[in-house]
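The numbers here are math on the coordinates, done by the rules we state, and not lab data. Note that the structure is predicted; figures quoted are calculated from it, not measured. Every residue, glycine as well, gets a Cβ built from its backbone with ideal geometry; the counts of neighbours run over all protein chains shown.
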Amino acid sequence: MAKKQINPTRMELTAQKRKLVTALRGHKLLKDKRDELMRQFLILIQENMSLRQEMENGLALAARNFALARAVIPPPVLDTGLLMANQEVGLHAGEKNIMGVVTPVFEFNLRNPDSASIYSYGFSFTTVDLDIAVKSLADVLPAMLRLAEVEKTCQLMSAEIEKTRRRVNALEYTMIPEMRETIKYITMKLDENERSNQIRLMKVKDMMLEQAHHYSEKA
């Protein structure tokens, strides 16, 4: 159907050849982009698995430590000690570009750089179990933020890989073959027209010779 709508002229043939060259170049660039995205995606997937394991282990450790602290510290004392926060965490959300994919970057900073500022209670009425629990929970925060960043990046890159894969397949299996078929069709039509013109010219020449000299060149 597409071939019938094409005007088989030399100008159209030149235009189709230019389109084919552009499509082949775009196909190569998209394949390179897809391959590089896949490489970085696999690296992030491995980091994601490692961070998730680290975060789950850290949260499980913090939960066990808090359970121990609650077992030895009276609930009113524990609740009062954790009621007010002594530290403040600021979160900055930025972004970076990975092969055309805008991905998030999370950075956090503490209001008070003193490591002891994570404890919002006095040490007179609490035990070291609570200190360990609070410290284990604070230690897992960087991994949690990095995990959120990596997981969102993986989601965005996965969508971009799928979109790039569809474009590569469309070029490789649809557009480029159609362009080649169109070029072949136009070339055949032009060759056919050229042969027809040559046959007409030969017939005209025979007629002119016959009229001028009363004989046919075939004879």
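Label-point separation (nm) for residue 60 and residue 110, each offset 7 Å from Cα along Cα-to-Cβ? Here the modelled spin labels are 2.6 nm apart.
Hydrodynamic estimate: the Kirkwood radius of the chain over Cα pairs, inserted into Stokes-Einstein at 4 °C and 1.567 mPa s, corresponds to D of 52 µm²/s. Mean sequence separation of contacting Cα pairs (under 8 Å, at least six apart), scaled by the length of the chain, corresponds to a relative contact order of 33 percent. A straight chain from residue 47 to residue 200 at 0.36 nm per residue would run longer than the Cα-Cα distance by 47.7 nm. With r defined as the distance between the Cβ atoms of residue 88 and residue 128 and R0 fixed at 22 Å, what FRET efficiency is calculated, to the nearest 0.05? According to the calculation, E is roughly 0.35. In plain terms, the chain from residue 5 to residue 151 could stretch by 47.7 nm, reckoned as 0.36 nm per residue minus the Cα-Cα distance.
Excluding residue 121 itself, calculate the net charge of residues whose Cβ lies under 11 Å from the Cβ of residue 121, where each Lys or Arg counts +1 and each Asp or Glu counts -1. In short, -2.
Taking 30 Å as the limit for the C-alpha separation, the pairs 28/184; 19/189; 19/152; 19/163; 33/152 exceed it in the case of 19/152.
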